[in-house]
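The values are calculated or read from the model by the stated rules, or taken from the named source; none is laboratory data. Owing to the predicted nature of the structure, the values given are computational and were not obtained by experimental measurement. Cβ sites come from the backbone with ideal geometry, for glycine too, and all protein chains shown count toward neighbours.
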Amino acid sequence: MKYVLSILCLFLGNLLNAQTLYRGFVYDSTFKTALNPVRIENLTTHDGTYTNDIGYFQIEAKPSDHIIFSMVGYKNQVIIATENNSAQYITIYMKPATVMLKNIVIKKGPTQYQLDSARRLIFTKMFLNTNNKNQWPLLLLLLMKNFQKSIKIFASLKIKLSIWRSKIFIDSRYSKELVISLTKLNEEEAQTFMNANPMEYDFARAATDLEIKMWIKYNFSQYIKDKK
């Protein structure tokens, strides 16, 4: 009998000390963008970690342990570990901290067209007065500024192209057909769901097919709760 009680006590002790692995992602509650670096700490054991570039994290906790998520510029968020020995997949949405600023008076300045017109006028006058050698350094400076402006336009086009390519890649992994097959929504409802839950490029690039499906199912469950 003592032997049986000893085994039972040992078994119960292991259950009480069993830790659950919590893993998932942390996002901005407004823009649904991945947050990094977010500090995640088990307030009971004081073990901690940080989210990576795509907002992913994992941390161990026992039942009733308090886990806090904190980041500069955001409100702290605390969850309580549940009595579940299997791995837990969660998504955390952090709200920005509200900061009151003093009143600012904004005065309307010249438009870009007015600035360009003024530069062209100065350039023309200097070009017509090239006999004055003192004007050449300023003339060269204006030429350099126009060249720099062209470079900025090219850089802007390059960024837009990169964004377009990222969107094409995300669409290949987070398609309407996949959402419909997992959620049983019609096309219009599926598009509404996808607009409300955009997927980050870094996550689409790093996640496995299974993780993407888990991400869709989890966000769909939250989507249904919010509609209720």
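Some points to look at:
- From GLN88, GLN112, residue being polar (S, T, N, Q), at pLDDT 70 or above and farther than 30 Å from ASP202 by Cβ: GLN112
- Residues of the range 17-72 classified as small (Gly, Ala, Ser), within 21 Å of PRO198 (Cβ to Cβ) and without any contact (Cβ under 8 Å) to a residue 40 or more places away in the chain, total: 0
- Restricted to the range 204-216, and to residues there that are over 14 Å from TYR56 (Cβ atoms) and surrounded by 13 or more Cβ atoms within 10 Å (Cβ to Cβ), the residue that is nearest to the chain's Cα centre (by Cα) is ILE216.
- Residue ID - surrounded by the fewest Cβ atoms within 10 Å (Cβ to Cβ), chosen from residues in the range 164-198 that are farther than 25 Å from LYS227 by Cα and of a type in the set (A, V, I, L, M): ILE168
- Test: residue in the range 149-157 that is at pLDDT 65 or above, within 30 Å of THR91 (Cβ to Cβ) and hydroxyl-bearing (Ser, Thr, Tyr): no
- Residue in the range 182-192 that is at pLDDT 90 or above, part of a helix (DSSP H, G or I), aliphatic (A, V, I, L, M) and within 19 Å of TYR56 (Cβ to Cβ) present: no
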